[in-house]
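Taking it in order: structure first as structure tokens, then the write-up.
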Amino acid sequence: MEENCKPCTTEEREEILEEIWTTLELDRITPQPGSRIGLAKLGNGERLSSLIQGGDIRTEADKAVLTEQGYQKAKEIMRNHRLAERLLHDVLNLQSEEMERSACRYEHMLDTEAADSICILLGHPRTCPHGKCIPPGECCDAGETSLRPLVVPLTELDPGEDATVAYVGTRDNGRLSYLTSLGVVTGRPVQLVQKRPSFIVKVDENSVAFDESIAREIFVRPALRRRSHDSGSHRWRLRWRGGR
């Protein structure tokens, strides 16, 4: 006899929610409670049964509808995945294929506290290395910076401070090409010369100038990291789900 369809594991359910989220993005739909997606886009309907029974989605005619509970779970898994990508890319300098493979593992392991710790460490990044939005967490709304983040916008540097470009957080291809032509690219050492009336940055032996809106999209790793006055009361903990 053939076995009945087995309930999906937690990781399998999270993978399906991630697929729903990314498919909505590809359709230029901002994921939210009540978002609808055609069942045909999700393949075999049987794989959705655990999500339906668990209250993460409901079906209406030929559509899968994301519930509030399902939305929150999908948001958490997407945030974990894209924060993991940022950490692996910006801090560990992993290449795209290895970064993606590792992020797919870590997204299921991080709990909220660990994800918030990474988010704070990286300066509350808004996009992943592929330019896709990272869903914000409570730490982003609170603006927590218990120590100076590892990666900060160029605007956070002091004049005379050295740093290395981590990434350029813009979707504007024209602006990205402009900064690339100036030598402002990932891995390039820079020094902030002045902030006013415009930002002047030394790149190699050249000085380049741009306004604050552009400077806010250039994320750098400061050469010297400064703790905030109250950082002694905080300790970093990267705690995994299930105590791992």
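The values are calculated or read from the model by the stated rules, or taken from the named source; none is laboratory data. Bear in mind that the values here come from a model prediction, so they are computed numbers and not experimental data. FYI the Cβ positions are ideal-geometry reconstructions off the backbone, even for glycines, and counts take in every protein chain you see. Note: accessible area is taken over every heavy atom of the protein model, side chains too, but ligands, DNA and RNA are not part of it. Shrake-Rupley method; radii C 1.70, N 1.55, O 1.52, S 1.80 Å.
Quick one: grab the alpha carbon gyration tensor of region 52-113, order the square roots of its eigenvalues as a ≥ b ≥ c, and give me rounded if a/c is under 1.5, else prolate or oblate depending on whether a/b is larger than b/c. Verdict is prolate for region 52-113.
Annotation for region 194-223: GluC sites (Glu not before Pro) lying in DSSP loop with at most 14 further Cβ atoms inside 10 Å of their Cβ are E205.
Under unit Cβ charges (Lys, Arg +1; Asp, Glu -1), what dipole magnitude, rounded to 20 debye, does region 72-176 have relative to its Cα centre? Don't jump to the answer; show the numbers that get you there.
Working: 12 positive and 18 negative charges, 95 e Å.
Dipole size: approximately 460 debye.
Around the Cα centre of region 32-71, unit charges on the Cβ atoms of Lys, Arg, Asp and Glu (plus for the first two, minus for the last two) sum to a dipole of about 100 debye.
Where does each of 48-59, 89-100 land if you order them by average Cβ count within 10 Å, highest first?
Values: 48-59: 17.3, 89-100: 14.4.
Order by mean packing, descending: 48-59, 89-100.
Would you list C119, C140 from the most to the least accessible area, probe 1.4 Å?
Working: C119 0, C140 40 Å².
Largest to smallest exposure gives the sequence C140, C119.
In region 57-116, taking the dipole from charged Cβ atoms about the Cα centre, the farthest positive-side position among Q72, S96, A114 is held by Q72. A straight Cα-to-Cα reach below 14 Å connects K73 with the aspartates and glutamates E11, E12, E14, E15, E18, E19, D56, E107, D111, residues fewer than 8 places away in its own chain not being considered. Of all lysines in the structure, not one lies under 19 Å Cα to Cα from K202 without also being fewer than 8 positions from it along the same chain.
Keeping every protein chain present and rolling a 1.4 Å probe, give me the accessible area per residue for region 105-193 in Å². Show your work: numbers first, answer last.
On the way: 3960 Å² over 89 residues.
Solvent-accessible surface per residue comes out at 44 Å².
Share of carbon and sulfur in the accessible area of region 55-140 stands at 50%, probe radius 1.4 Å.
Peptide packing: for 28-35, 150-157, the average count of neighbouring Cβ atoms within 10 Å per residue gives the ranking 150-157, 28-35, highest mean first. Using the Cβ of R101 as centre and a radius below 12 Å, the other residues enclosed give a net charge of -4, where K and R count +1 and D and E count -1. Applying 0.36 nm per residue to the separation of I29 and Q95 and subtracting their alpha-carbon distance, the gain on full extension is 20.9 nm. Assign one of three labels to region 48-160, namely rounded, prolate or oblate, based on the Cα gyration tensor with a ≥ b ≥ c the square roots of its eigenvalues; rounded applies when a/c is under 1.5, prolate when it is not and a/b is larger than b/c, and oblate otherwise. Note, shape of region 48-160 comes out prolate. Bridging of K75 to lysines at a Cα separation below 21 Å is possible for K41, K63, K132, once same-chain residues fewer than 8 apart are set aside.
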